[in-house]
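Remarks on the structure that follows.
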Amino acid sequence: RGRNTDGIVIDSSTDVVARRNSIVSGDDGISIKSGRDAAGRSVGRPTEDLVLMDNVIVKASAGGVAVGSEVSGGIRRVYALNTTITKATIACYVKSTPGRGAYVQDIYVRDVVAEQVKECITVNANFKNPTPK
């Protein structure tokens, strides 16, 4: 429940199903990433073909379902289906930092119920998250 504690993190992975989870998080409920900065670009491994289904995000301090901001390997073909988000700042959040990203494409969201959120869907290509030194 601390700061920057994502519930589920899927990073540089292929063919993943996350189903029937109940999540309380101090940051993003479900976080989808693909490597960070130069190290992520050198590996170049995308995250692709994900199914997020029948999940309940009870509380997320930031995004309920978040794509990024670490997207150096690229992210594609993500399906968020039949998800309930009962409390979050942003229900579905796509974020990237300039100079960090490859691509984000084919993100599908269907049958999502969002309650007590400030924003439903946000895309931010200028996300600023200071890196601790």
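Points worth noting:
- With a simple spin-label model that places each label point 7 Å from the Cα along the Cα-to-Cβ direction, the separation between residue 24 and residue 43 comes to 3.1 nm.
- Dipole magnitude (debye, nearest 20) for the chain, charges at Cβ of Lys, Arg, Asp, Glu: 400
- Measuring r between the beta carbons of residue 82 and residue 58 and using R0 = 25 Å, the FRET efficiency lands at 0.95.
- Excluding ligands, DNA and RNA, the accessible surface per residue across the chain is 53 Å² with a 1.4 Å probe.
- Cross-link reach is defined here as a Cα-Cα straight distance under 25 Å, omitting same-chain residues fewer than 8 places apart; for residue 59 the lysines meeting it are 33, 87, 95, 118, 128.
- Given charges at beta-carbon only (K, R positive; D, E negative), |dipole| of the stretch 80-129 in Debye: 240
- Area accessible to solvent at residue 77, 1.4 Å probe radius, in Å²: 80
- Förster radius 22 Å - calculated FRET efficiency between residue 103 and residue 4 (Cβ-Cβ, nearest 0.05): 0.35
- Here the accessible area is traced with a 1.4 Å probe on the protein chains. For the chain, carbon and sulfur cover 49 percent of it.
- Read-out Cα Rg over 2.2 N^0.38 Å, derived from the coordinates shown; its label in (1) 1.06; (2) 0.96; (3) 1.21: (2)
The values are calculated or read from the model by the stated rules, or taken from the named source; none is laboratory data. Note that this is a predicted model, so its numbers are computed, not measured. For neighbour counting, all protein chains shown are included, and Cβ atoms are generated from backbone atoms with ideal geometry for every residue, glycine included. Just so you know, the surface numbers come from the protein's heavy atoms only, side chains and all, with ligands and any DNA or RNA stripped out. Shrake-Rupley method; radii C 1.70, N 1.55, O 1.52, S 1.80 Å.
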